[in-house]
Every structure is written in structure tokens, then in C-alpha cells.
Amino acid sequence: MGEDFNRCDLCRAKLCGFSPPADLTPMTALFPCLHAFCPSCKTKCEQASMNHQTLICEVCRTECLRSHVLNLPNTSECAVRRCESAVCPDRHQATTKCIICNEALCADCSLAHQRVTATSSHFLQTLCPVIPKCVRCRLHSNMKIVSLCQCGSYVCMTCVASRLHEGPSHMITPLSHLSNSQVDESKIMSSTARETTHIDCSLSMIQVRKNALSERVASLKKEVGNQVVHICQA
């Protein structure tokens, strides 16, 4: 399911590199009907439209204003989870997640969440940092693993320097000295880390569409309410 949310709804090409690079290549687009298009398919929609202010979705034929088309975030923005609080103006990088509200919160919103009486008893779970392509140390997330301990733990330079793995059952072996089978195991760990990052990106893409749908529903409710008021006043 997550894979579908990460593909163009017209040509099924994988949506990757969503932000415009230096050459200002067009961004991937999300239409109000919640169909996502790669830059090429978005161009097809633009060319098929006779009106410079509107676009027609090539999947469901829904017409929308060009200004209502959203640009999807790039993969790095997907991997770095942003604050999901409705009252957060800057959407800083999230550091915790409220288990009760199911929302990711930045440092400032986390403090506010704990101060407010209604949410002060909520449990805030610390979010793990994004797993990069290389395997990171479990204890020191900003450090790359360099050795394998006899106890089975992969360790970084900080672990070695702090003597966390000392004693008869803690012989340290540099990764470069490992046998092929052990190196293959390290490669598997790296591959798993990359897959985890990809899954996180797909989940973020689903969240983008979910948020867009919620905004669309709220807009329709407001529009219906205005129509009801207009009819009653007529």
C-alpha cells in the first residue's frame, strides 16, 4: 500500500526527488482530488488544459484551480519528520511523539504539551533519528559503527573510547578485519536500514495525502455552510 502512495497515479513511475534541484526541474504535484503526478504527467495535464487558471486530472477528469495543486515534499523532508501540531507555526523537526494524540511534536511543542493541563499526563515518546545509509551505533546515534564486539554488538569509536565493552567476553574486532560472512551481515544491516528509511518516506507520503484530504473536507464543509447561510438569507 505504501508503495502505491509513492508512485505517479498516471504512469506509475516512482516518485522520488520531489524538491526542485538547482536547474529548477518541476516538482511532483498533488491535485485536490488526491491524485499525485510526476513532473512529466503534470506537464501533460497542463498541456491538455485550455484554461491557464485550471487543470484537469488525467485520471478522474476532475477540474481544479492551478493554485490548489500542492508540491509534494522531497525525500529528505519525508525522512525528517516534522511537527504535526496544529498550533506550530514553523513545523520544526519533531523530537517526540505523543502516544495519546498520535502526533509528532517539536521541542517547543513538546514542552507546551506537558505544560497544558489537558495533555500534561500524556506520554511523549522520543523519536529515533533517521537511519542513514550506513549503520549507526545504537548507543551513539550520530556515530558510525567501526567494530564488532565479541558480545555481538556493533560499536563506534565513542563506545571504544568510553570502555563500554571491556573484559574477557568483549574482544573488539574492526569491521575491516571481519570474515566475508560477517561483512555480509553488516551489509544486510545497511540494506535493512535503507528499507526502513524508504518505509518511513512512504508513510510520510500517506500522511501528506491524509492531511490534504482533511483540508479538502474542511473546505467543503465551510463551502456547504456558506451556501446554507446564503439560501436561508435569500
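The values are calculated or read from the model by the stated rules, or taken from the named source; none is laboratory data. What you are looking at is a predicted structure, and each value in this text was computed from that prediction instead of being measured. Positions of Cβ are generated from backbone atoms using ideal geometry, with glycine treated the same way; all protein chains shown enter the neighbour counts.
Can you name the residue in region 60-93 that is assigned to a loop (DSSP other than H, G, I, E, B) and of a type in the set (Val, Ile, Thr) and, of all such residues, is modelled with the lowest pLDDT?
Val80
Does Glu166 qualify as being more than 30 Å from Leu15 (Cα to Cα) and either more than 27 Å from the chain's Cα centre (by Cα) or modelled with pLDDT under 80 (or both)?
Yes; evaluated as a whole, the condition is true for this residue.
Return the total of residues in region 17-46 being surrounded by fewer than 19 Cβ atoms within 10 Å (Cβ to Cβ) and at pLDDT below 55.
Total satisfying the criteria: 9.
Could you check, for region 174-181, whether at least one of its residues is in the same structural domain as Cys159 (by TED's automatic domain parsing), over 22 Å from Thr28 (Cβ atoms) and at pLDDT 75 or above?
Looking through region 174-181, at least one residue is in the same structural domain as Cys159 (by TED's automatic domain parsing), over 22 Å from Thr28 (Cβ atoms) and at pLDDT 75 or above.
Go through region 142-161 and give me each residue that's among the small types (Gly, Ala, Ser), assigned to a loop (DSSP other than H, G, I, E, B) and loosely packed, with under 13 Cβ neighbours inside 10 Å.
Matches in region 142-161: Gly152 only.
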